[in-house]
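The values are calculated or read from the model by the stated rules, or taken from the named source; none is laboratory data. These figures come from a predicted structure and were not determined experimentally. Cβ coordinates were reconstructed from backbone atoms using ideal geometry, including for glycine residues, and neighbour counts include every protein chain displayed.
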Amino acid sequence: MKKALVLGAHLDDSVIAMGGTIAKMVKAGIQVDVFCFGNGDEAYTHPGDSANAVKRFTRDAIKAHERLGVASFECYDVPDFGVDANREFYQQCIRVIRQHKPDVIFAHYWNEYFQHHGMATISRDAWNQAAWACSADFGVEPHRAKKYFHFEVNDPLPEPSHIVDITDTFEDKMAAWMCFEDAHDHLGELDNALEARARYHGSRAGFKYGEPFRQSFYLMENIKDIKEIF
């Protein structure tokens with residue numbers, strides 16, 4: 001079975017960025033695992049409600065990812081604004097890559113606010129570090145994923161290399177997004193924006209709905225048989 005790993009800064013990033021692609025992979029028989037850091041403690045609109053927000057957002061995130069059919073969903077449970085490029089989170093990205101042994105990794109790109117920017121760095125570099133014979137406390141067996149793709153959450157992804165046709169899974173994405181019941185208090189504009197974005201990206205490739213990705217070549221693709229280059 002082919003495996004994909006999605007690394008997100010927050011509980012809802014995977015759904016916003018690539019919910020349609022996740023559903024499409026699952027329906028194609030690909031195992032999808034999702035790992036994130038921020039626990040939703042800033043997802044509240046009433047003073048003093050942070051602790052309850054964590055419970056609600058976590059509950060909704062579990063429902064959303066179950067709706068998409070992921071094999072596993074794990075949150076490292078740190079404050080939303082505490083997500084940054086640091087040693088601890090870098091180690092956890094290495095751990096989860098070695099644990100799930102994905103063929104492909106999906107994660108953030110840099111042209112977004114600092115939490116997403118930090119995740120773009122540690123997840124991309126962990127793709128490299130997880131393949132080294134080191135840091136044995138975070139997985140004894142090294143693993144190198146074959147490919148790595150950046151996704152779009154808030155800001156436009158520059159020069160995408162791939163656009164996935166999610167016309168047949170767009171409703172799955174929106175159903176997963178609607179699982180985040182309280183998120184509509186502070187992210188309600190996304191209800192329409194997700195469709196507008198999907199239509200825009202789809203129109204660039206001749207689809208009704210699409211999701212953009214940018215492949216990273218931070219680690220080179222090794223060609224043994226020259227036919228592989230075609």
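Residue count for the stretch 117-127 satisfying the condition of being under 13 Å from Q91 (Cβ atoms) and buried (at least 16 other Cβ atoms within 10 Å of the Cβ): 3. Considering the stretch 101-116 alone, what residues qualify as being closer than 22 Å to S72 by Cβ and surrounded by fewer than 22 Cβ atoms within 10 Å (Cβ to Cβ)? K101, D103, V104 - these are the residues of the stretch 101-116 that are closer than 22 Å to S72 by Cβ and surrounded by fewer than 22 Cβ atoms within 10 Å (Cβ to Cβ).
Taken over the stretch 205-227, the criterion of being farther than 26 Å from H10 by Cα and touching a Gly at 6+ places or on another chain (Cβ under 7 Å) is satisfied by K208 alone. When the stretch 19-46 is examined, which residues are found to be among the aliphatic types (A, V, I, L, M), at pLDDT 95 or above and touching a helix residue (DSSP H, G or I) at 6+ places or on another chain (Cβ under 8 Å)? Matches in the stretch 19-46: I22, A23, V26, V32, V34. Step by step: first the residues of the stretch 211-230, then only those that are in contact with a Phe, Trp or Tyr (Cβ under 9 Å, 6 or more places away or on another chain) and either free of Cβ contacts under 8 Å to residues at least 60 places away in the same chain or charged (D, E, K, R) (or both), then the one that is surrounded by the fewest Cβ atoms within 10 Å (Cβ to Cβ). Which residue is that? The residue in question is F217. Taking residues in the stretch 192-207 that are over 15 Å from P160 (Cα atoms), and partners anywhere that are of a type in the set (S, T, N, Q), the pairs with Cβ atoms closer than 6 Å and at least 6 places apart or on different chains are F207/T167.
Candidates are the residues of the stretch 50-72 that are of a type in the set (A, V, I, L, M, F, W, C) and free of Cβ contacts under 8 Å to residues at least 40 places away in the same chain; the one that is surrounded by the fewest Cβ atoms within 10 Å (Cβ to Cβ) is A51.
Note on the stretch 1-33: among residues that are among the β-branched types (V, I, T), over 13 Å from A61 (Cα atoms) and buried (at least 24 other Cβ atoms within 10 Å of the Cβ), the one that is nearest to the chain's Cα centre (by Cα) is V6. Scan the stretch 128-141 for residues that are touching a helix residue (DSSP H, G or I) at 6+ places or on another chain (Cβ under 7 Å) and either under 13 Å from G8 (Cα atoms) or surrounded by 16 or more Cβ atoms within 10 Å (Cβ to Cβ) (or both) and the total you get is 5. When the strands (runs of 3 or more DSSP E) confined to the stretch 112-230 are screened for residues that are under 20 Å from K3 (Cα atoms) and among the β-branched types (V, I, T), those reaching at least 1 such residues are found at 162-165. Residues in the stretch 22-49 that are more than 28 Å from P79 (Cβ to Cβ) and in contact (Cβ under 8 Å) with a residue 24 or more places away in the chain: A23, K24, V26, K27, G29, I30, Q31. The residues of the stretch 9-57 that are in a helix (DSSP H, G or I) and over 26 Å from P212 (Cα atoms), listed by number, are S50, A51, N52, A53, V54, K55, R56.
The one condition from (1) out of contact with any Phe, Trp or Tyr (no Cβ under 7 Å at 6 or more places or on another chain); (2) among the hydrophobic types (A, V, I, L, M, F, W, C); (3) closer than 19 Å to A130 by Cβ that M25 does not meet is (3).
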